[in-house]
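Derivation of every value follows stated rules applied to the coordinates shown; laboratory data play no part. Given the structure is predicted, the values throughout are model-derived calculations rather than measurements. FYI the Cβ positions are ideal-geometry reconstructions off the backbone, even for glycines, and counts take in every protein chain you see.
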There are 2 protein chains.
Amino acid sequence: MSDDHTTNDDLREVAAVDHQADPDAQPDAPDSPWRTLAAREVYRNPWLHVTEYQVVRPDGRPGIYGVVDPGANVTIAALDDDERLWLVRDFLYPIQRYSWSLPSGRVETGEDSLRAAQRELAEEVGAITDHDEDWSLMGTYYLSPGVATQRSYLYLARHARLGAPQREGTEQAMLARQRPLREAYDALLRGEIDNAVTALGVLHAWQALRGPQT
Amino acid sequence: MSDDHTTNDDLREVAAVDHQADPDAQPDAPDSPWRTLAAREVYRNPWLHVTEYQVVRPDGRPGIYGVVDPGANVTIAALDDDERLWLVRDFLYPIQRYSWSLPSGRVETGEDSLRAAQRELAEEVGAITDHDEDWSLMGTYYLSPGVATQRSYLYLARHARLGAPQREGTEQAMLARQRPLREAYDALLRGEIDNAVTALGVLHAWQALRGPQT
């Protein structure tokens with residue numbers, strides 16, 4: 001944490017940074033109890049960037065805030081006409097293990113979230129639907145909003161059917177299978193699904209088909 | 001993405017990095033289809049660090065993988081004897097807005113996740129319970145495992161009662177209130193909760209009290 005809030009050579013004044021020059025620039029919301037003095041991009045790769053903001057905290061003390069931006073995510077609960085859900089098994093490098101999850105991926109720059117969901121389902125599972133009307137947005141979730149801007153769009157795809165997957169080079173180890181939605185929902189309630197967006201996708205798909213059970 | 005996988009001055013050989021020297025060092029799991037050649041810490045602050053790994057991807061091509069480590073998280077669904085749930089309202093800097101969520105925070109280095117949950121509930125809400133037996137782990141979730149190592153431990157606290165909150169300087173704008181668990185569960189089913197761990201905490205607290213409703 002910085003000991004004072006004077007800018008230095010590494011820190012550009014926020015006032016001088018506009019959104020076109022730097023998509024990370026984050027002017028303070030009108031109701032923010034934080035005050036942002038400067039922004040510095042500390043890391044960027046094609047999938048992720050990290051910005052460190054020099055701030056005045058809500059208690060008036062100087063500090064920093066590191067914000068991670070991995071872009072938006074789409075996650076898809078795709079069901080065939082027998083209410084079987086598609087899951088994919090992939091090796092997740094950050095946690096160093098294989099995991100079953102709903103098909104999921106990044107919304108590319110300028111891409112609509114529905115198109116991203118359709119693209120990811122086609123790439124990872126090879127499943128498609130005949131009509132855009134088979135798709136609906138079930139919810140949107142911030143995944144770790146104290147650290148990251150990342151938001152996930154959860155889509156339901158009904159009447160999906162299989163084509164051929166077109167996986168990326170990083171996804172060569174991926175497998176797809178189907179499981180009855182009811183089984184996946186029971187696994188969720190038993191705490192056996194350990195991926196947050198997969199768990200929420202299964203919950204909302206169940207609710208969409210069964211209606212509220214409160 | 002790098003065009004080859006030769007190491008350079010900025011990249012330490014993974015073989016030379018042990019966990020004591022660098023907690024980010026990540027030897028490949030035996031079943032990993034990725035091969036890690038080197039690791040380089042690209043950003044660190046007291047709450048977050050980011051490591052870039054130089055890798056051979058599952059398709060045999062060279063590449064990089066950026067991994068974010070914000071540490072583990074605890075999230076608490078705390079209920080009083082009338083099944084009212086505590087929620088806190090705080091300004092979330094990364095998404096630049098106020099949000100209601102379950103009390104939540106970081107597991108400090110060396111801290112047990114149950115103690116972290118009890119500490120965060122006391123700090124943010126001022127609520128305590130009389131017995132450790134009032135606490136149970138409802139589930140653990142990876143929040144964004146394609147990007148981050150972060151895992152959240154979801155705790156249920158029963159028979160909680162109010163003391164005085166002891167918030168940190170960054171939490172001066174925080175408010176707490178109570179809401180009947182049933183109302184929170186209905187809001188979840190309507191897609192009105194946009195924070196992933198809060199949604200999962202409400203789901204599992206409902207299931208813990210009501211039992212499976214499948």
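Which whole-number percent gives the relative contact order of chain B, counting Cα pairs below 8 Å spaced six or more residues apart?
After rounding, I find 18 percent.
Give the long-range amide H neighbours of A:Asn73: residues separated by 5 or more places, or on another chain, with amide H under 5 Å away, using H modelled in the peptide plane at 1.01 Å from N.
Counting only residues 5 or more places away or on other chains, the set is A:Val107, A:Arg151, A:Ser152, A:Tyr153.
Give a residue-ordered list of calculated ³J(HN,Hα) values for the stretch B:102-112 (Karplus: 6.51 cos²θ - 1.76 cosθ + 1.60, θ = phi - 60°; whole Hz; x for Gly, Pro).
Residue by residue, the stretch B:102-112 yields 5, x, 7, x, 8, 7, 6, 3, x, 8, 6 Hz.
Long-range amide H contacts for A:Gly139: which residues qualify at under 5 Å (H placed 1.01 Å from N, peptide plane, sequence gap of 5 or more or a different chain)?
A:Leu154
For the stretch B:59-69, in order, what is each residue's ³J(HN,Hα) by Karplus, 6.51 cos²θ - 1.76 cosθ + 1.60 with θ = phi - 60°, in whole Hz (x at glycine and Pro)?
The phi angles translate into 8, x, 8, x, x, 10, 9, x, 10, 9, 10 Hz.
Given the -39500 (n - 2.57) contribution per DSSP H run of 4+ residues, what per-residue ellipticity at 222 nm results for chain B, rounded to the nearest 500 deg cm²/dmol?
Theoretical 222 nm ellipticity from helices: -5000 deg cm²/dmol.
Taking the Cβ of B:Asp81 as the centre, find all other residues whose Cβ is under 12 Å away and add up their charges (Lys, Arg: +1; Asp, Glu: -1).
-2
Answer with one residue from A:His49, B:Leu189, B:Pro27: the one whose Cα lies farthest towards the positive end of the charge dipole of the protein assembly as shown, charges on Cβ with Lys, Arg +1 and Asp, Glu -1.
So the residue we want is B:Leu189.
Once Lys and Arg get +1 and Asp and Glu get -1 on their Cβ, which of B:Tyr153, B:Val107, B:Tyr93 lies farthest toward the positive end of the dipole of the stretch B:73-210?
My answer, from the dipole projection, is B:Tyr93.
Which chymotrypsin sites (Phe, Trp or Tyr not before Pro) from the stretch A:78-122 combine a DSSP loop assignment with at most 15 other Cβ atoms within 10 Å?
Counting only loop positions with at most 15 other Cβ atoms within 10 Å, none of the chymotrypsin sites (Phe, Trp or Tyr not before Pro) in the stretch A:78-122 qualifies.
Run the paramagnetic zone check for A:Glu123: 7 angstrom along Cα to Cβ, then residues of the stretch B:53-78 with backbone nitrogen under 15 Å.
Within reach of a label on A:Glu123, which here means backbone N under 15 Å from a point 7 Å along Cα→Cβ, the stretch B:53-78 contributes B:58-59.
How big is the protein assembly as shown along each principal axis, measuring the range of its Cα positions in Å and listing the largest first?
Over the protein assembly as shown, Cα extents along the principal axes are 58, 58, 42 Å.
What is the average number of partner chain Cβ atoms found within 10 Å of a Cβ in A:53-61?
Details: counts 2, 0, 2, 0, 7, 11, 7, 2, 3.
Neighbouring Cβ atoms belonging to other protein chains average 4 per residue here.
Work out the length of the dipole vector of the protein assembly as shown about its Cα centre, built from +1 on the beta-carbon of each Lys and Arg and -1 on the beta-carbon of each Asp and Glu, and round it to the nearest 20 debye. The partial results should precede the final answer.
Numbers: 42 positive and 70 negative charges, 206 e Å.
So the magnitude is around 980 debye.
What does the net charge come to around B:Glu124 if you take all other residues with beta carbon closer than 10 Å to its beta carbon, with K and R at +1 and D and E at -1?
-3
With θ set to phi - 60°, apply the Karplus curve 6.51 cos²θ - 1.76 cosθ + 1.60 along the stretch A:200-207 and write out the HN-Hα couplings as whole Hz, x wherever there is a Gly or Pro.
Coupling constants for the stretch A:200-207: 5, x, 5, 4, 6, 5, 4, 5 Hz.
What do you get when you divide the Cα radius of gyration of chain B by 2.2 N^0.38 Å, with N the number of residues?
Scaled against compact globular proteins, the figure is 1.21.
Note down the net charge around B:Glu168, summing +1 for each Lys or Arg and -1 for each Asp or Glu among other residues with Cβ under 13 Å from its Cβ.
Neighbourhood net charge equals -2.
Output, in nm with one decimal and in ascending order, the distances from the B:Arg119 label point to the matching label points of the other copies (7 Å from Cα along Cα-to-Cβ).
4.3
Roughly speaking, what is the centre-to-centre gap between the stretch A:138-211 and the stretch A:69-112 when only Cα atoms are used, to the nearest Å?
6
Under the rule of at least 5 residues apart or a separate chain, name every residue whose amide H is placed under 5 Å from the amide H of B:Leu92.
HN-HN under 5 Å from B:Leu92: B:Arg97, B:Tyr98, B:Ser99.
Any idea what % of Cα-Cα pairs in the stretch A:94-214 are farther than 25 Å?
Numbers: 1697 of 7260 pairs.
For the stretch A:94-214, the fraction of Cα-Cα distances above 25 Å is 23 percent.
I need to check one value: relative contact order of the stretch B:116-162, counting alpha carbon pairs closer than 8 Å and at least 6 residues apart, in percent.
It comes to 41 percent, rounded to a whole number.
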